[in-house]
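One structure below.
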Amino acid sequence: MAAGDERRSASPVAATACWRVEEFVVAQECGPCSAFQMKTVPECSPTGFVERINCAGSKRAEYKSCRSARVDARSFWRFVGSMLGLAALSGLLVLSRQRLLDRRALEKVRKQLEAI
């Protein structure tokens, strides 16, 4: 093991976010990141939303990436709406195909009866 490797692995807790290893209290609820925060706070990158937390043991204040409930709800209802639309379209296609097949069968029976 090289000397540089020993220094990196000596204190893994310092590199780990405190909320992963300690109890924490949410100081500021999940909200959208400002343009400045998007550039300066790395936790804003994954979702565009961040909450401020205070860790109980180390007394550190940090940011934690989070998901907005409103954005998740909007995405869910968009999905539900698109699935309902797809189901309605599929139902209409099935009905039109069934009518076409019924007409073809009726025409075939009519031709057979005319041949007699």
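The values are calculated or read from the model by the stated rules, or taken from the named source; none is laboratory data. The structure displayed is predicted, hence computed values, not measured ones. All Cβ positions, even for glycine, are placed from backbone atoms using ideal geometry, and neighbour counts span all protein chains on display. What goes into the accessible areas is simple: the full protein's heavy atoms, side chains included, and nothing from ligands, DNA or RNA. Shrake-Rupley method; radii C 1.70, N 1.55, O 1.52, S 1.80 Å.
Here are some notes:
- For the residues S68, S82, S34, a GNM of the chain with alpha-carbon springs under 10 Å puts the largest fluctuation on S82.
- Heavy-atom accessible surface of the chain: percent carbon and sulfur, 1.4 Å: 60 percent
- Solvent exposure of the chain, expressed per residue, is 81 Å² of accessible area, with all protein chains present and a 1.4 angstrom probe.
- Listed residues V94, V25, V80, most fluctuating in the chain (Gaussian network, C-alpha, under 10 Å): V94
- Per-residue ellipticity at 222 nm from helix content only, as computed over the chain with -39500 (n - 2.57) for each DSSP H run of at least four residues, stands at -19000 deg cm²/dmol.
- Between L84 and V109, residue separation times 0.36 nm minus the direct Cα-Cα distance comes to 5.3 nm.
- Length-normalised contact order for the chain - Cα pairs under 8 Å, 6+ apart - percent: 18 percent
- Working from Cα pairs under 8 Å separated by at least six residues, relative contact order for segment 40-100 is 23 percent.
- Once the Cα atoms are used to define both axes, helix 69-115 deviates from the longest principal axis of the chain by about 20 degrees.
- Given the chain, longest segment not containing exposed loop trypsin sites (Lys or Arg not before Pro) (DSSP; at most 16 other Cβ within 10 Å): 1-58
- All-pairs Cα distance distribution in the chain, expressed in whole percent, bin size 10 Å: 11, 20, 18, 13, 10, 9, 8, 7, 4, 1
- Cα lying deepest toward the dipole's positive end in the chain, options A105, C44, V21, charges on Cβ: A105
- Set of segment 57-76 residues, backbone N closer than 11 Å to the point 7 Å along the Cα-Cβ line of K39: none
- Rounded to the nearest 20 debye, dipole of the chain from Cβ charges on Lys, Arg, Asp, Glu: 780 debye
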